[in-house]
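The values are calculated or read from the model by the stated rules, or taken from the named source; none is laboratory data. Note that this is a predicted model, so its numbers are computed, not measured. Every residue, glycine among them, receives a Cβ derived from its backbone with ideal geometry; neighbour counts consider all protein chains shown. Calculation scope for accessible area: heavy atoms of the full protein, side chains included, ligands and nucleic acids excluded. Shrake-Rupley method; radii C 1.70, N 1.55, O 1.52, S 1.80 Å.
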Amino acid sequence: MDYIELVKHMSLREQARLVTGADFWHTWAPVKYGMPSIMVSDGPNGLRKMEGSKTITSVCFPSAVALASSWDRGVLAHVGATLAEDCKANRVSVLLGPGINIKRSPLCGRNFEYYSEDPVLAGELAAALINSVQAGGVGTSLKHFAANNTETRRMVSNSLVDDRALREIYLRGFEIAVKKAQPWTIMLAYNKLNGSYCTENSWLIEEVLRGEWGFKGLTVSDWMAANDRVKSLHEGLDLEMPGSGYANVRKIAKAFRKGELDENDLGIAASKVAELVNKSEPALKANAPQRNLKGDHEVARMAAEQCPVLLKNNGVLPIKQGAKIAILGERARKPLYQGCGSAQINSYEVVSVVDAFCDAGVATEYAPGYDIKKPDEVNTKLINEAVAKATVADVALLFVSTSEADSAEGADRTNLDIPKSQVALIEAVCRANPNTAVFVASGSSVVMPWIDLPAAVMQTYFLGEAGGTALYNIITGRVNPSGKLPESYPMSLDDTPCLENYKTPADNNVIYKESIYVGYRYYEKANVPVLFPFGYGLSYTKFDYSGLTLDKSSITPNDKLTLTFNIANSGAMGGAETAQVYVGLPDSLVYRANKELKEFAKVYIPAGGSQTITVELDRSAFEYYSPTLRAWVVEDGTYDIMIGASSADIRLTAQVDVKSNEANGEIDYKDAAPKYWNADIKNVTEEDFVDIFGAYPSEYLGDTSDDRITSVKCLDELWDTKVGAKVNEFIELVLSVIFEDDPGMYAVIYNSVMTIPLNRFVAISKGLCSDAMVDGIVHLFNSGSVIEMLKVMAVGIPDALLNIVEPKVRDIIEKKSRC
Ligand code: BGC
């Protein structure tokens, strides 16, 4: 049946019901028309399907950051195809991912859910995952669109981004994924972008996403991100999730009466929902496939083997057969294999490294060395026990991680350290045994002031439930590590380009002062040394690059350029290498990074073998976004084509002349924005930013003369009010008792509760708490008077009753008319 046709027969109220969810995970089913409801679920590093308050058991795949460090589209596609089968077996129509927000700072608590600091890597990998999930008949939701790069007060923050950074860094990955994979849905982020909520931003949704990129699918709000439903409908938000009951249906109907909305606003959105239901046929079929959790676990293991990044190795890895092994660190037994929040899977079978050695029948000695529950407490007794085991071993394998709360949705990190107790263990064990290999599991980059001590260091990221087996295979040389860093590792937090302007400040304006200088684009141009560069990763074997040729020495922007080069494996073990193609224009008119990633290819090469790699570049490899010309343009000039084993290890170079006059009329940035020209980001002033942004951030503050609390404030902004402080302290107390043993979940829940704007309680309560009731609460925060609050709230009672009763009555009438 074609449900889109049916929408035309629906009443206004029915269409309005269709564009708001039925509950947290389902769309509304207009039974009268025979249209079913469909289910969406989180992940996407597994299926996080909720059944009531419980999450079903599923296989936990490596987190996005780990998958990204595979740099392997094939791995993403394999995981995607597996996820699609699991979704269908569970009648889930849309998997809510992938998330591809740029890692603007390593402090972002959600970096583990995102791919990279580079938009090409993020966009390409997302396209691979989306294409394979959707080829299996299940939809995806590319998220969180857009410029949602900080977790601190994410529902009220306002990202102020200049046009170039927006286009080249923050939107580019989305653009690639949309154009290459057409996700069925795209999730609009919580934050505001340049003054408008992403859910109410027609420039972003209609002009760029649909108009320029040709997005055909449905836009869905992040959960509770719809601020003003009528406005958002008009500006391009199709589906509001979760459902707000009848509250917004009535508001939409009223807006029609007042002429604020027209039929198209609602009709198009309702048709998009219907179209999604059409597409969902495979997941809705009665004869759904059977789940294959054991098989999926194997896929998770294979994927995990491609992810870990070998950062340092003096030959201790792989370990020799028969070596006496000490496995140290509580994380070897209780791995940190996923982050906290909506991407948290109720895992099927978690295998630790200790389990994996044991399963393989290899004898090891284990000591915890620290207590993960007491990260700041250096426990001498535990350290001494571990040191004793390390001393008599041939090799010590030491497992450390960041704290759980450092990789949690809704919260940002405060530092890049691993806990004190674990650093103390690294120092002591390395002193006792020079053959120590340290394995770090974190959701994003960490600093390593101890890097010189161990013989080997591996970043495992969050490897999913089969990570222990994958690591066993890598440690013992059954698998050759091939991961490369999808992000730069700064020497210290102070070196990061956006430090003081990263977290949402008191006025909620997050100023993207560093513009395009994110990650390696900044470190290279500003000559800031890093601990490990973007794209870096070692192998147990050695790869030699040679013979770069270009099929043309001169091109126009419309030509394709084909590059060919060779990689030989000159070591003794087969392995995979990721070659990275960077492009730079040293004599550019505009400020630019020294080089930018434009393509990459991962190939497996047997020992002694070699492989020819061919890569094609199109105009997107040469263009930049010109705010002056309001277009993507290709500058005339001689471009460097660089083939690297990492961004800092360029093995082959060549030049190509590009003949173009597209940049005629461009301004001279050397004069117009000298600090950006020199990447002198730490000294960029507000005036410098205004030069490239075009407005003062203070212009986004609204009327500051009136400091009364309004309904768009969240609890976290109310600490200064007497009532707010009391309410917040109470919430803190209650949650700390409930989540005493789960610091990650505490961070997620606490931050979620504290950062929900008050006006969203209308939707959350499905209208039981009506607008006037929220006004009453606002009144309380302003006046402190409970009596006054109740008086204001009383006005909202009829509205609340109608919100609850009207849909029930309509359902009954409809049922009767069907009988
Ligand atoms: C997250 C989304 C997630 C949604 C549903 C939100 O809080 O930001 O990524 O898909 O919840 O759980």
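So the values come out like this:
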| item | result |
| --- | --- |
| Test: residue in the range 62-76 that is in a loop (DSSP other than H, G, I, E, B), in contact with a strand residue (DSSP E or B) (Cβ under 7 Å, 6 or more places away or on another chain) and within 14 Å of the ligand (Cβ to nearest atom) | no |
| Scope the range 147-176; condition under 17 Å from the mean Cα position of the chain (by Cα), of a type in the set (A, V, I, L, M) and either crowded, with 23+ Cβ neighbours inside 10 Å or not in a helix (DSSP H, G or I) (or both); matching residues | 147, 155, 166, 169, 171 |
| Residue within the range 18-28 that is of a type in the set (A, V, I, L, M, F, W, C) and buried (at least 24 other Cβ atoms within 10 Å of the Cβ) present | yes |
| Subset tally (residues that are buried (at least 24 other Cβ atoms within 10 Å of the Cβ) and more than 14 Å from the ligand (Cβ to nearest atom)) for the range 135-146 | 1 |
| Pairs where the first residue, in the range 584-611, is under 19 Å from residue 488 (Cα atoms) and touching a residue at least 12 places away in the same chain (Cβ under 8 Å) and the second is open to solvent by less than 50 Å² (accessible area, probe 1.4 Å) and part of a loop (DSSP other than H, G, I, E, B), C-beta under 7 Å, 6+ apart | 584/595; 592/585; 593/516; 595/647; 597/118; 600/71 |
| Among residues of the range 401-433, those that are in a helix (DSSP H, G or I) and under 20 Å from residue 384 (Cβ atoms), counted | 13 |
| Count of residues meeting criterion [farther than 18 Å from residue 40 by Cβ and open to solvent by 10 Å² or more (accessible area, probe 1.4 Å)] in the range 177-194 | 4 |
| Matching residues, the range 728-745, being away from the ligand (no atom under 16 Å from the Cβ) and buried (at least 17 other Cβ atoms within 10 Å of the Cβ) | 728, 735, 743 |
| Within the range 229-335, helices (runs of 4 or more DSSP H) holding 1 or more residues that are in contact with a strand residue (DSSP E or B) (Cβ under 9 Å, 6 or more places away or on another chain), under 19 Å from residue 470 (Cα atoms) and of a type outside the set (Asp, Glu) | 293-305 |
| Positions within the range 609-623 being open to solvent by 50 Å² or more (accessible area, probe 1.4 Å) and of a type outside the set (Val, Ile, Thr), in sequence order | 610, 611, 616, 618, 619 |
| Given (1) open to solvent by 10 Å² or more (accessible area, probe 1.4 Å); (2) within 18 Å of the chain's Cα centre (by Cα), number of the condition residue 197 does not satisfy | (2) |
| Top-ranked residue of the range 407-422 - restricted to ones that are open to solvent by less than 30 Å² (accessible area, probe 1.4 Å) and within 14 Å of residue 440 (Cβ to Cβ), ranked as farthest from the chain's Cα centre (by Cα) | 422 |
| Counted residues, the range 346-370 - those being in a loop (DSSP other than H, G, I, E, B) and either open to solvent by 60 Å² or more (accessible area, probe 1.4 Å) or touching an Asp or Glu at 6+ places or on another chain (Cβ under 8 Å) (or both) | 9 |
| Test result for residue 427, farther than 19 Å from residue 743 by Cβ, buried (at least 24 other Cβ atoms within 10 Å of the Cβ) and not β-branched (Val, Ile, Thr) | no |
| In the range 117-130, the residues that are more than 16 Å from residue 46 (Cβ to Cβ) and in contact with a strand residue (DSSP E or B) (Cβ under 9 Å, 6 or more places away or on another chain) | 118, 119, 120, 121, 124, 126, 130 |
| Residue in the range 32-53 that is surrounded by the fewest Cβ atoms within 10 Å (Cβ to Cβ), counting only those that are of a type in the set (D, E, K, R) and within 15 Å of the ligand (Cβ to nearest atom) | 51 |
| Pairs where the first residue, in the range 224-242, is open to solvent by 20 Å² or more (accessible area, probe 1.4 Å) and the second is among the aromatic types (Phe, Trp, Tyr), C-beta under 7 Å, 6+ apart | 227/197 |
| Residue list for the range 761-777, restricted to those being buried (at least 21 other Cβ atoms within 10 Å of the Cβ) and either among the hydroxyl-bearing types (Ser, Thr, Tyr) or under 33 Å from the mean Cα position of the chain (by Cα) (or both) | 762, 763, 767, 769, 770, 774 |
| Sole residue being over 24 Å from residue 767 (Cβ atoms), over 22 Å from the mean Cα position of the chain (by Cα) and away from the ligand (no atom under 16 Å from the Cβ), chosen from 203, 213 | 203 |
| Subset of the range 177-200 (residues that are within 14 Å of the ligand (Cβ to nearest atom) and outside any strand (DSSP E or B)) | 183, 189, 190, 191, 198, 199 |
| Members of the range 761-812 that are under 12 Å from residue 245 (Cβ atoms) and either among the polar types (S, T, N, Q) or touching a strand residue (DSSP E or B) at 6+ places or on another chain (Cβ under 6 Å) (or both) | 765, 770, 803 |
| So residue 568, is it open to solvent by less than 20 Å² (accessible area, probe 1.4 Å), small (Gly, Ala, Ser) and in a strand (DSSP E or B) | no |
| Lone qualifier among 627, 606 - being under 24 Å from residue 167 (Cα atoms) and open to solvent by 20 Å² or more (accessible area, probe 1.4 Å) | 627 |
| Residues within the range 665-712 that are more than 31 Å from the chain's Cα centre (by Cα) and of a type in the set (Val, Ile, Thr), tallied | 3 |
| Qualifying residue in the range 433-447 (condition: touching a residue at least 12 places away in the same chain (Cβ under 8 Å), open to solvent by less than 10 Å² (accessible area, probe 1.4 Å), within 16 Å of the ligand (Cβ to nearest atom) and within 26 Å of the chain's Cα centre (by Cα)) | yes |
| Any strands (runs of 3 or more DSSP E) falling wholly within the range 466-559 and containing at least 2 residues that are not aliphatic (A, V, I, L, M) | 543-550 |
| Qualifying position, being closer than 28 Å to residue 594 by Cβ, of a type in the set (Phe, Trp, Tyr) and open to solvent by less than 10 Å² (accessible area, probe 1.4 Å), among 536, 489, 523 | 489 |
| Filter result (farther than 25 Å from residue 441 by Cβ, assigned to a loop (DSSP other than H, G, I, E, B) and within 16 Å of the ligand (Cβ to nearest atom)) within the range 91-127 | 92, 93 |
| Test result for residue 791, basic (Lys, Arg) and more than 28 Å from residue 509 (Cα to Cα) | yes |
